[in-house]
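Notes follow the structure.
The values are calculated or read from the model by the stated rules, or taken from the named source; none is laboratory data. Computed from a predicted structure; not experimentally measured. With ideal geometry, Cβ positions are generated from the backbone for all residues, glycine too; neighbour counts draw on all protein chains shown. For accessibility, only protein heavy atoms count, side chains too; no ligands or nucleic acids. Shrake-Rupley method; radii C 1.70, N 1.55, O 1.52, S 1.80 Å.
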Amino acid sequence: MDFFHLSGVLGDNSAKGRIGRSLLYIFIAGIVLRLFLGPLSFSFDMSFFVITGAGFESGRTLYEAGNFYYPPVYGYFLSALTYMWNFLPFQSGYMSELLVNSTAVSDFSQVYISSMALVFVYKIPLTVIDLACSWLIYVMVKEKTGDRRKAEIGFALFFLSPLVLWSSSVACMFDSLSAFFMIFSIYSLTKNQYLLSGAMLSLAFFTKLFPIVIGFAVICYIISGSEGRWKEVFKKAAMYAAGFAIAAAIVLLPLVLNGELSSSFGFFGDRTEGTSSGGGGLLDFFANPTPDKFIYAFPIMFLLIAIFSMLAFMRDGDDDKKLVMASVISVCTLFIWPPIPTYPVIAIALIALAVAYCGRREWLIPWLLFSILMVVHHILNFGGRILYTLANETSLLDLGSTVAKYFQFLPLSWDLMYYTLLALFIPGIACIIAAFYSLKHGEEAET
Amino acid sequence: MKTGKLYVLAIAVVAFMVAGQFLAYGANPYHTSSDSWSVYGGIGYEVSSNTSSNYDALLIDTGIYIPDGLMIYEDSSYVSYFDQSYMLETTDLLCSELSLRNVEYTIVDAEQIRAELEEDISNGSADMRLIIPVGVLPDTIYDGGPDSLILKWLETGGVLYWTGYTLGCGISSVSGVYERDSGYAADFLGIADQDIRKDPYVSSLYATEKAEDYCIGESMSIMYNDSTFGINTQNLTDYISIGFTSSGYDSLVLAKYQGGDGMIVVFGGKPAINTMPTIAQVIASKLTYCSVIAEHDSGKLFHSSERGTMETDPSKIYSLYIYVGTPQIYARTFDH
């Protein structure tokens, strides 16, 4: 309640009150949309979290049950949540023989259908994380600009983004947590809290790796803010690195003690192996841009990120805004190569800041493209499978015919996915254009 | 936001994360257990858990005696069709799944298997079961001839769990894998070679029709459909098929050894991380080729205990298999 009070919700007819009500409406709209999407979920991806949770319940550690393919931070959250969920009398899901099919081995993940109760309960913390990230964006924009309306726009751009809604409410993915830590890091850096900022970037990194690319922007920010006083640069950088290292030590200590350190970095290998090998020319390489080929494009991206970050800081203007712009360009550059569709949630968070705080409206185009194209591609990828829980537990749909229709449309989905996968280059290209535009016309929006 | 509030927020988030770490790596707050005892005319059992989980108690008339212990074959110096690091990871998971089901196991290499099998044969009975998860038999126990150690061991009542390739076809050594052209199916199951699928690098076969004893698999939460190296059961006599079938090949078959008292359990797929729980489930339950599910109780545990009784026939051999959770977080077998 305090949150809305601060926003002026309790004011009646004043401008403050109206603006506060806008925030409330955005909040309600976001919650309603999430509730509407609630019954939909991709049980296949959920199953890995269910197996991990069951692993905890059987006395095993995060990576011991063999089904957690990410860095550890969300796994620790999952551990705490599993403990809490154990006090709720619901079943996590069912195994259905209707899902046994001729295209895959029928392991637990293939035949699992999450229960409606789990689907809703599981999404509560993800919604809280979405809200926390949106709120940080709101607070930062409001503090920096003093403009509540801009802050609300920033809040809405994240909380109501179709991609964020999809990621946390249907795909059941935790990319928002990574975004939250990253925004936290940027915000605390602008408040000269180097230790805290480093720690938060570390947590973001050990949630989903990608936020580490804002490191160039951070270095440039520290150098730029020190105005050539190298002693100060080293002092700030040391504080930042110490924060990063302390958080990393906290995160990694149990893994080191249990010999699971290599498993925690399996996330990277798991997504860069597989189809990335093999022959074919350059045309084939680009014609089938699966996410695992990202590793080949990374050196170019790395170079672009470094160049863009430096260019962003070589201009005149406010360092905080330059940090945001360098960060958004860095993260978006990472997604030039078509990613797994939920990954750009962290880009959405930064774009929200770029638009609302820095006034860079050109970034609304990448926001729209990420929000729409990633979701469309994922819908084709998931297909009717997101309806299985609904079909299994309500009379609205019949599970057997829903499964049959999924397989009936699978060939068509694969054909369409070829084109939607290629279309995932478009947001990245739009980002590059927006980056050039922002760098060229930097001062116009800043003033 | 004031800087102090920023730190409070950070500490709150980190505290939640650390709580999760502590629960996963330090506290282990979850407890699930079971017990079983004899009562007049039958058996009693109790299962308890401080989690929110479903449970199943299966009284299995196994028909034959099955030893408790298990040998897991793993020898990185012997060639197989699978990457060594992948097999290590897979075996680790199998061990983990067996541990939560209270199955005692030992990992043996090619020489140790030879010693164990020789000892069993000289004693006239097998006191441990064996799983070969790599799809090839080491040349220390199998040379392709009828006097091979593994066949003698099966004759004395050994139990072999098999996955990864065509049963009995591949013979592994430190220098490579030799494949028999013919006769392997007859040696192990007394059937023609074409009744064991051998199409490893061309296509996987994932079966979709329920096999004839699928209800047994279903009662154990087993849905295993990999028939890539499946068995055609048409010419088998003593067997149950609890998985799925396609093109005449069954995915999960438990069959009597053609030349003696032993049993061969064929999981018709390749070793995979996510099929290890299924393999562990079959091993832990002590299911046999002549098993009948005599009774099946199921229910819900919510920080609670449940008790039950089941009628037994004193002339039969039973194993009571209790498992908790989907996926399983605990299981235990009681011999009666």
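Solvent-accessible surface of the protein assembly as shown, taken per residue with a 1.4 Å probe and all protein chains present: 38 Å². Remark: accessible area buried at the A-B interface is about 4800 Å², both chains counted, probe radius 1.4 Å. Distance distribution note for region A:35-183: the fraction of Cα pairs above 23 angstrom is 43%.
Taken one residue at a time, the phi angles of region A:127-140 give Karplus couplings (6.51, -1.76, 1.60, θ = phi - 60°) of 5, 4, 5, 3, 5, 5, 5, 4, 5, 4, 4, 4, 4, 5 Hz. Gly and Pro are set to x. If you take the alpha carbon atoms of region A:296-378 and fit the smallest convex hull around them, that volume is 78 Å³ per residue.
Hydrodynamic radius of region A:300-342 by the Kirkwood approach over all distinct alpha-carbon pairs: 10.9 Å.
Provide, as a two-decimal number, the C-alpha radius of gyration of region A:345-446 over 2.2 N^0.38 Å, N being how many residues it has. Mind dumping the intermediate values first?
Details: Rg = 19.0 Å, N = 102, 2.2 N^0.38 = 12.8 Å.
My calculation over the Cα atoms of region A:345-446 gives 1.49.
Shape of region B:1-85 from the C-alpha gyration tensor: oblate (a/c of 1.5 or more and a/b not above b/c, with a ≥ b ≥ c the square roots of its eigenvalues).
What ratio of Cα Rg to 2.2 N^0.38 Å holds for region A:325-367?
Working: Rg = 9.8 Å, N = 43, 2.2 N^0.38 = 9.2 Å.
In units of the 2.2 N^0.38 Å rule of thumb, it is 1.06.
With contacts defined as alpha carbon pairs under 8 Å and 6 or more residues apart, what's the relative contact order of chain B in percent? Relative CO of chain B lands at 26 percent. Stretching the chain fully between B:I273 and B:Q194 yields a gain of 25.6 nm (0.36 nm per residue, less the alpha carbon separation).
Sorting B:D92, B:D297, B:D250 by accessible area (1.4 Å probe), largest first, what list results?
Details: B:D92 105, B:D297 40, B:D250 10 Å².
Listed by decreasing accessible area, they come as B:D92, B:D297, B:D250.
Considering only the Cα atoms of the protein assembly as shown, their convex hull presents on average a projected area of 36.2 nm².
Here's the list of lysines a cross-link from B:K256 could span, going by alpha-carbon distance under 23 Å and ignoring same-chain residues fewer than 8 apart: B:K152, B:K198, B:K210, B:K270, B:K286, B:K316. All Cα-Cα distances of region B:36-98, cut into 10 Å bins from zero to the largest, leave 13, 27, 28, 21, 9, 1 percent in each bin in turn. Within region B:99-204, DSSP assigns beta bridges of which about 40% are antiparallel (rounded to the nearest 5). For the pair B:E209 and B:D127, label points projected 7 Å from Cα toward Cβ lie 4.6 nm apart. Axis of helix B:276-285 versus longest Cα principal axis of chain B: the two differ by about 80°, to the nearest ten degrees. Its convex hull of Cα atoms gives region B:45-178 a direction-averaged projected area, equal to a quarter of the hull surface, of 10.1 nm². Dividing the mean sequence gap of close Cα pairs (under 8 Å, 6+ apart) by how many residues chain A holds gives a relative contact order of 18 percent.
Just to be sure I understand the curve: with the Debye formula and one point per C-alpha of region A:365-418, what is log10 I(q)/I(0) at q = 0.21 Å⁻¹? Computed log10 I(q)/I(0) values: -0.77.
Each Cα pair under 8 Å and six or more residues apart adds its sequence gap; the mean of these over the residue count of region B:231-336 is a relative contact order of 19 percent.
With a/c under 1.5 counting as rounded, go ahead and sort region A:26-106 into rounded, prolate or oblate using the C-alpha gyration tensor (a ≥ b ≥ c being the square roots of the eigenvalues; past the cut-off, prolate if a/b is larger than b/c, else oblate). It would help to have the intermediate numbers written out before the result.
On the way: a/c = 1.76, a/b = 1.14, b/c = 1.55.
In terms of gyration-tensor shape, oblate.
Projecting label points 7 angstrom from Cα along Cα→Cβ for A:W414 and B:K5 puts them 5.4 nm apart. Interface residues of region B:315-332, defined as those losing at least 20 Å² of solvent-accessible heavy-atom surface relative to the isolated chain (probe radius 1.4 Å), are listed as B:T326, B:P327, B:I329.
Using a 10 angstrom cutoff on alpha carbons, build the Gaussian network for chain B and name the most mobile of B:Q194, B:Q84, B:Q21. In this elastic network of chain B, the residue with the biggest mean-square fluctuation among B:Q194, B:Q84, B:Q21 is B:Q21. Normalised by residue count, region B:106-220 yields a Cα convex hull volume of 140 Å³ per residue. Using the Cα gyration tensor of region B:198-281, with a ≥ b ≥ c the square roots of its eigenvalues, what is the shape: rounded (a/c below 1.5), prolate (a/b larger than b/c) or oblate (neither)? Taking the square roots of the gyration eigenvalues as a ≥ b ≥ c, region B:198-281 is rounded. Just to be sure I understand the curve: with the Debye formula and one point per C-alpha of chain A, what is log10 I(q)/I(0) at q = 0.07 Å⁻¹? Reported log10 I(q)/I(0), two decimals: -0.36.
Please work out the FRET efficiency for the pair A:F302 and A:F234, using the Cβ-Cβ distance as r and a Förster radius of 22 Å; give the result to the nearest 0.05. Walk me through the numbers before you get to the answer.
Numbers: r = 24 Å, r/R0 = 1.10.
So the FRET efficiency works out to roughly 0.35.
Overall shape of chain B was characterised from the C-alpha gyration tensor. The equivalent ellipsoid obtained from it has semi-axes of 37, 27, 19 Å, in decreasing order. Here the Gaussian network model covers chain A, with springs between Cα atoms less than 10 Å apart; of A:F382, A:F244, A:F77, A:F77 fluctuates the most. Under a 5 Å amide H cut-off, with hydrogens placed 1.01 Å from N, B:E295 pairs with B:L59 among residues at least 5 apart or on other chains. For region B:272-312, a drop of 50 Å² or more in accessible area on going from the chain alone to the assembled protein chains (1.4 Å probe) is found at B:N274, B:F302. B:T3 contributes an accessible area of around 50 Å² to the protein surface, as traced by a 1.4 Å probe with all chains present.
For the protein assembly as shown, give the percent of accessible area contributed by carbon and sulfur heavy atoms, probe 1.4 Å, rounded to a whole number. Roughly 61 percent of what the probe reaches on the protein assembly as shown is carbon or sulfur. Along the positive direction of the dipole of chain A (beta-carbon charges: Lys, Arg +1; Asp, Glu -1; about the Cα centre), which of A:Y63, A:G93, A:Y357 reaches farthest? About the Cα centre, the residue reaching furthest to the positive side is A:Y357.
For region A:125-256, the alpha-carbon radius of gyration amounts to 1.12 times the rule-of-thumb value 2.2 N^0.38 Å expected for a compact globular protein.
With one equal scatterer per alpha carbon and no solvent term, the Debye-computed log10 I(q)/I(0) for region B:224-336 at 0.19, 0.23 1/Å reads -1.12, -1.35. Calculated FRET efficiency, B:C290 and B:N28, Cβ-Cβ r, R0 41 Å, to nearest 0.05? Result of the calculation: an efficiency of 0.60.
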